[in-house]
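Following: one structure in structure tokens, then a few remarks.
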Amino acid sequence: MPRPIALLFLLATLLLGTGCEQARYTYHYVPGRTAILRGGYAFPPPDAPPEVAAAIAAGNRIAGLPYRYGGGHGSFVDSGYDCSGSASFVLREAGLMHGCMISKEFRRYGHAGEGDWINVYAKNGHVFLAVAGVRFDTGWTDGSEGPQWTTIDRPASGCVIRHPEGL
């Protein structure tokens, strides 16, 4: 096979094999590793790393607030949050990032692939987190919009999965 065609074939194989279009959040309860949800709030497993407990505490502080486009970007503490403002708030409060990112910037956050405790699902136009196995998202939940915890499975077509170093 001529070199340019072989390179194109290799690139196509790699892109199709990454599973980006197959990405999906699926809830799995794992004793000692999965947060518990009660009354809209998440509670970390007893042996969760401090950053995970801090991320859950941060999510609990804004859970239930309304969805507001641009919310969380102009002011870290806001009256409503969009998807990237929510993800930025949680990760920043856990000491896992500085500042704020828009959804497509999360495609380059941290390290590629799934982590052990925190996963970032990001594409151009949306981002959500899975922290200790439970999803923190502004949509695809119980019908209401705004940051909230849920165990409802969701497709994540077009998303890449990233994670903070060591988590």
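Overview of results
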{"quantity": "From the coordinates shown, Cα extents along the principal axes in Å corresponds to which of (1) 55, 27, 26; (2) 46, 39, 39; (3) 60, 38, 30", "calculated": "(3)"}
{"quantity": "Crossing angle, helix 50-62 versus the chain [Cα axis fit, 0-90 degrees, rounded to tens]", "calculated": "70 degrees"}
{"quantity": "Length gained when the stretch LYS104-TYR27 is fully extended (0.36 nm per residue, less Cα-Cα span)", "calculated": "25.3 nm"}
{"quantity": "For HIS111, distant residues with modelled amide H under 5 Å away", "calculated": "HIS163, GLU165"}
{"quantity": "Rg to Rh, two decimals, where the range 89-167 supplies the alpha carbon set and Rh follows Kirkwood", "calculated": "0.92"}
{"quantity": "Cleavage-rule hits, chymotrypsin sites (Phe, Trp or Tyr not before Pro), the range 20-96, DSSP coil, Cβ neighbours within 10 Å at most 12", "calculated": "TYR29, TYR69"}
{"quantity": "Helix-only [θ]222 nm of the chain, DSSP H runs n ≥ 4, -39500 (n - 2.57) each, per residue, nearest 500", "calculated": "-7500 deg cm²/dmol"}
{"quantity": "Taking the chain and dividing mean pair separation by its residue count, relative contact order in percent (alpha carbons under 8 Å, at least six apart)", "calculated": "28 percent"}
{"quantity": "Crossing angle, helix 3-17 versus the chain [Cα axis fit, 0-90 degrees, rounded to tens]", "calculated": "30 degrees"}
{"quantity": "³J(HN,Hα), Karplus 6.51/-1.76/1.60, whole Hz, each residue of the range 98-103, x for Gly, Pro", "calculated": "10, x, 9, 10, 8, 3"}
{"quantity": "Which of ALA55, SER86, ALA42, positive extreme of dipole for the range 29-106 (C-beta unit charges)", "calculated": "ALA42"}
{"quantity": "Cβ charges +1 (Lys, Arg) and -1 (Asp, Glu), total dipole of the chain, debye", "calculated": "320 debye"}
{"quantity": "Length-normalised contact order of the range 79-167 in % [C-alpha pairs under 8 Å, at least 6 apart]", "calculated": "33 percent"}
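Values in this text are rule-based calculations from the coordinates and carry no lab data. In this text, all values refer to a predicted model and were calculated from it rather than measured experimentally. Heads up, the Cβs are rebuilt from the backbone with ideal geometry, glycines too, and the neighbour counts pull from every protein chain shown.
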